[in-house]
Amino acid sequence: MRFVNNYENKIKEIVQEKKLTYCIDTMGCQMNENDSNKYMGILESMGFQKAPIEKANLILFNTCCIRENAENTLFGRLGFLKQRKEKEENVYIVVVGCMTQQKHILEKIKKSYRFVDVVLGTGSMRLFPEKLYKILCLKQKEIEYLEVGNEIEEEVPILYEDQYKASVSIIYGCNNFCSYCIVPYVRGRERSRKPEDILNDIRKLAQKGYKEIMLLGQNVNSYGNDFEEEYHFPDLLKEVEKIEGIEIIRFMSPHPKDFKDDLIEVIKNSKKIARQIHLPLQSGNTEILSKMNRKYSKEQFLDLALKLKQIPDISLSTDIIVGFPNETEEQFLDTLDVVKKVGFDQIYMFIYSKRNGTVAAKMEDKTSHEEKVERLERLKKLYEDMLPELNQKMIGKTYFVLVEGKSKNNDKLYTGRTSQNKVVIFSADDSYIGKIVPVKIDSEHLWYLKGSIVD
Ligand code: 5AD
Ligand code: SF4
């Protein structure tokens, strides 16, 4: 389904007359960031200009519901805006994204946050202009529940903040139903974008000077499973590789259960696919993995991770949940064991958060919150203890780095990332920004490396 904005001119008139501005507050994952880029594209195509949250006329919250704390964040931030809404004219509040697909959230907004103007669910971006028109021109609020939009919306205007790196969604939704995860309920079933649509988007980005592309999906290696013809993620990667101008290809997230040898071969043979793979572990214990419905065992994960580690210069990152219902000390030790055996360069770690409506929400959980916090700390410590050794292996070697800009803490230094996704800081000047340059690594500082450009 093509995105068509039938309200563009009408809204533009009002936006120009009132000089309306906007601000987007994004919570959650890279898929949400990507959706926010689209909301940004839609708003700017109608003349809205960006402003800080305290001044913006239209404030759009793009919400996440993967863990409970995101809910608290949204309602805290909405609370702050209540006064502005009461005192000022032309303040509009829009709530979109995953959280709005949960009926209890909608009820809460209707009951306690009645000053919200529009609520829009996931996969329903094409309805956004009409909703805007209704609030701006007809003063009609729109906070009804919408079923998850299960169509693919193409040709939505999109704007990136970065000039050299961009993300492109390739598949929406998820069919995996990991027992702890709310995503399949709020983002619907898997639907893959057509290869031509994806490749055209990437070609356009390459023409604009983008060098790095992140292919996004809840489960990228399910890509194409919903096509009639045989066309899968490795086929798409091979096509993206051919696009001139794109130098670095990343993707996130693959599911270990679907990570087959053909994908490993494509990665090995590619000159552009980043030497960094995100491989979500979630737990290192086979029994917990089975309760999580992950469809792999500790041993299968280890086999895969160690196979990937044989690719020269590869770095692995992962997601881990500690404190799944009734997780025992012994089971947690299996997670630590996998971390020790693999050596992850980056670990995103979370304490299990009960999500109503999921299978795990009904499981008995005798593990105390204190125990879970303590396990998280132990995992963090193990990770931080292992990181220097992984970083040290890079010292003395030269890596290609996409120069992103000045370092935040020191005006004379510049920052970029290696293919392994390691942050490197080095001396340079503005002429290097956006270029890919060889940098020799001199020292490691846990969260970043220092280096020097090789002439
Ligand atoms: N509790 C804690 N972490 C979760 N994740 C997904 N659902 C939950 C939950 N209920 C984590 C997983 C996933 C990442 C995006 O968020 O590790 O990979
Ligand atoms: Fe959630 Fe599992 Fe789907 Fe990832 S693969 S979005 S963790 S259900």
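How large, in percent, is the carbon and sulfur part of the accessible surface of the chain at a probe radius of 1.4 Å?
Values: 10120 of 21080 Å².
The value for the chain is 48 percent carbon and sulfur by accessible area.
Of LYS87, LYS108, LYS165, the residue with the largest accessible area leads and the full order is LYS87, LYS108, LYS165 (1.4 Å probe).
Taking only the Cα atoms of the stretch 126-258, the radius of gyration and Dmax are 17.0, 50 Å. For the stretch 398-453, lysine pairs separated by 8 or more sequence positions, or belonging to different chains, with Cα-Cα distances below 14 Å total 6. Restricting the calculation to Cα atoms, the stretch 120-163 yields a radius of gyration followed by a Dmax of 12.8, 37 Å.
Using Cα-Cα distances under 8 Å and only pairs 6 or more residues apart, what relative contact order does the stretch 22-164 have, in percent? Each step should come with its number before you reach the end.
Numbers: 216 pairs, mean separation 35.1, N = 143.
Computed over the stretch 22-164, the figure is 25 percent.
Comparing the stretch 407-455 with the 2.2 N^0.38 Å rule of thumb, its C-alpha radius of gyration ratio is 1.03 (two decimals).
Here the Debye sum runs over all C-alpha atoms of the stretch 165-390 as equal scatterers in vacuum, and log10 of I(q)/I(0) at q = 0.11, 0.14 Å⁻¹ comes out as -0.59, -0.92.
Provide the percentage of antiparallel DSSP beta bridges, counting only those with both residues in the stretch 8-143; round to the nearest 5. Let's see the in-between values first.
Details: 0 of 17 bridges.
Bridges in the stretch 8-143 that DSSP calls antiparallel: roughly 0 percent.
Before I look further, what does the chain give for accessible area per residue, probe 1.4 Å, in whole square angstrom? Each step should come with its number before you reach the end.
On the way: 21080 Å² over 455 residues.
Dividing the accessible area of the chain by its residue count gives 46 Å².
Where the centre of each part is set by its Cα atoms, how far does the stretch 15-91 sit from the stretch 118-132, in angstrom? Using only Cα atoms to place each centre, the spacing works out to 13 Å. With distances taken between every two different alpha-carbon atoms, the chain has a Kirkwood hydrodynamic radius of 23.7 Å. For GLU147, the accessible area of its heavy atoms, probed at 1.4 Å with every protein chain present, is near 130 square angstrom.
Note on LYS271: aspartates and glutamates with a C-alpha under 14 Å away, same-chain residues under 8 apart excluded, are GLU212, GLU239, GLU241, GLU244, GLU247, ASP313. Rolling a 1.4 Å probe across all protein chains gives ARG77 an accessible area of roughly 90 Å². Along its first, second and third principal axes, ordered by size, the stretch 8-143 spans 40, 32, 25 Å in Cα coordinates. Note on ARG275: accessible area approximately 40 square angstrom, rounded to 10, probe 1.4 Å, nucleic acids and ligands left out.
Computed from Cα atoms alone, the Kirkwood hydrodynamic radius reported for the stretch 218-326 is 15.0 Å.
Of HIS278, HIS232, which has the most accessible area with a 1.4 Å probe, and how do the rest follow in descending order? If you can, show how the numbers build up before the last one.
Values: HIS278 5, HIS232 55 Å².
Ranked list, largest accessible area first: HIS232, HIS278.
The values are calculated or read from the model by the stated rules, or taken from the named source; none is laboratory data. Predicted model only: the values in this text are computed from it and were never measured. For the accessible areas, the whole protein counts, side chains as well, though only heavy atoms, and no ligand, DNA or RNA atoms are used. Shrake-Rupley method; radii C 1.70, N 1.55, O 1.52, S 1.80 Å.
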